[in-house]
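Each value in this text was obtained by applying a stated rule to the coordinates, not by laboratory testing. None of the values given here were measured: they were computed from a predicted structure. Neighbour counts run over all protein chains shown; Cβ positions are idealised from the backbone, glycine included.
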Amino acid sequence: MNEIGLAAAEAGRLIAGLDAKLTEIVLLSLRVSLTAVIFASVLGLPLGAAIAVGRFPGRRALIVLLNALMGLPPVVVGLVVYLLLSRAGPLGRFGILFTPAAMVVAQTILILPIVAALSRQVIEDTWQEYQEQLRSLGAGPITSALTLLWDTRYSLVTIVLAGFGRAAAEVGAVIIVGGNIDGVTRVMTTAIALETSKGDLPLALGLGIILLSLILALNAAAYWVKEAAQRRYG
Amino acid sequence: MLPLVLDSLSFAVNGRTIIDRISVEIGAGPRTIILGPNGAGKSVLMRLCHGLLRPTSGSIAWCGSNGGRGRQAMVFQRPVMLRRSALANVIYGLKLAGFGHSERELRARDVLEVVGLGDIADRPARVLSGGEQQRLAMARAWALNPEVLFLDEPTANLDPGAVRDIESIIAQIHASSTKIVMTTHNLGQARRLGDEILFLSQGRLIERAPADRFFRKPVSAEAEAFMRGELP
């Protein structure tokens with residue numbers, strides 16, 4: 001108990017003092033996960049809209065597959081990306097294994113199905129409501145998809161943030177493809193895992209507190225945006 | 001593009017017949033009311049005419065159109081408003097219909113003025129009242145200057161004041177020489193707005209008559225029963 005108290009106090013001191021090492025780790029985490037969530041959104045939101053609006057063979061199977069992929073184990077993604085990017089692998093010539101770029105690739109793959117599957121659901125629900133009206137006005141599939149993306153924008157923000165939360169919180173994929181190299185690929189989650197096993201509880205705890213507060217703050221913001229938008233736009 | 005000619009038009013879902021071999025010619029001019037009890041197939045018939053549903057058999061032909069859908073618009077029982085301002089909702093329809101950029105806003109503001117929404121054109125459409133939303137839906141359709149306007153029970157969810165507003169807008173659209181085709185199960189409304197009646201029951205066209213004749217003396221037993229069943 002006493003140890004936890006001491007660790008918490010020390011963690012507070014590290015956070016308050018903007019400890020250099022801690023700041024570096026937090027910033028790298030943000031950079032990697034934000035980049036991944038941007039890629040996953042740029043690909044996943046249009047994909048979700050296309051599946052929601054489109055009618056093509058294999059659509060149901062694709063929806064089931066995407067839903068299943070939401071539960072992808074991060075370590076498996078890490079392993080697959082590792083195999084692809086390792087020197088002997090098909091993408092080995094890019095030489096990005098054990099760099100932040102590799103971590104971005106892994107996290108993008110991890111959260112792309114989340115963004116695509118959840119946005120497909122939201123957009124399809126709205127499509128049920130809009131379909132006749134949009135077709136009556138002469139909207140084709142692409143116009144419809146773009147209209148729906150715009151009209152569900154506040155729900156999509158929540159989905160994108162869920163993706164970010166998943167990326168920032170996972171450890172399995174980034175530790176395999178990043179290697180947890182100090183100053184290069186060490187992010188919050190991999191640092192927590194390492195420092196805990198080394199017994200440096202204050203740093204681990206400090207990072208844990210920051211990670212939790214960050215995700216809490218983001219979700220509070222998302223909730224607030226959606227609420228405000230709902231009141232304003234109905 | 002009128003007349004609209006339906007030839008032995010049928011529509012079935014999972015083997016259940018909803019529209020049963022309807023043949024009729026709907027010409028320009030008089031306001032056509034599709035009347036009938038709930039479940040008669042009025043809305044489905046209208047969706048077939050508007051091209052939202054594909055007939056199971058039979059055909060729908062627009063004469064004098066260049067093969068496309070021509071200029072037609074539809075207002076639904078429940079208006080679907082996009083999450084943007086009232087004005088932007090009208091502009092959205094104009095854009096899809098191919099109106100030029102500079103013309104869109106002028107037209108949209110004009111038509112909102114006419115339906116009495118000029119003051120709240122910039123408000124988000126989805127926070128307007130039910131009556132205002134339906135007037136906005138009428139404006140969005142009217143702005144397209146359609147040759148035919150389909151109205152599917154446009155006042156079914158509205159209070160009496162809002163019903164009056166919509167009926168007066170319908171009169172104005174009719175006066176601007178747009179053909180009105182409207183479904184209703186409300187006899188009073190059919191009397192007020194109808195020039196000719198198509199009476200539907202169980203997916204079949206039972207009777208077609210000028211409105212005054214229809215209400216004076218319906219020919220079919222079904223129509224007579226429908227009118228007798230009305231509450232005061």
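For the reader, a short list of remarks on this structure follows.
- Tilt relative to chain A, helix A:188-198 - C-alpha long axis, 0 to 90 degrees, to 10: 30
- Projected area, mean over directions - the protein assembly as shown, Cα convex hull, nm²: 30.7
- Ratio of the Cα radius of gyration of segment A:1-90 to 2.2 N^0.38 Å, where N counts its residues: 1.70
- DSSP-defined antiparallel bridges as percent of all bridges, the protein assembly as shown, nearest 5: 55
- Net charge contributed by nearby residues that have their C-beta within less than 15 Å of A:MET70 (K/R +1, D/E -1): +1
- Averaging the Cα positions of each part gives two centres, and for segment B:158-183 and segment B:203-232 these lie 22 Å apart.
- Principal-axis analysis of the Cα atoms of chain B puts helix B:130-142 at an angle of about 90° to the longest axis.
- Considering only alpha-carbon pairs that sit under 8 angstrom and 6 or more positions apart, the relative contact order computed for chain A is 31 percent.
- Exposure proxy for B:PHE214, B:PHE150: other Cβ atoms within 10 Å of each Cβ, ordered fewest to most, give B:PHE214, B:PHE150.
- Partner chain coverage, peptide B:122-133 - average Cβ within 10 angstrom: 2
- Sequence of B:HIS50, B:HIS101, B:HIS174 once ranked by neighbouring C-beta atoms within 10 Å, starting from the fewest: B:HIS101, B:HIS174, B:HIS50
- Length-normalised contact order for chain B - Cα pairs under 8 Å, 6+ apart - percent: 27
- In whole percents, the pair-distance distribution calculated for chain B from its alpha-carbon pairs, binned every 10 Å from zero, is 8, 32, 35, 20, 5, 0.
- Net charge over other residues, Cβ less than 13 angstrom from the Cβ of B:ARG204 (K, R count +1; D, E count -1): 0
- Whole-angstrom gap from segment A:33-74 to segment A:166-233, using each part's C-alpha centre: 23
- Degrees between helix A:100-136 axis and first principal axis of chain A (Cα, 0 to 90, nearest 10): 20
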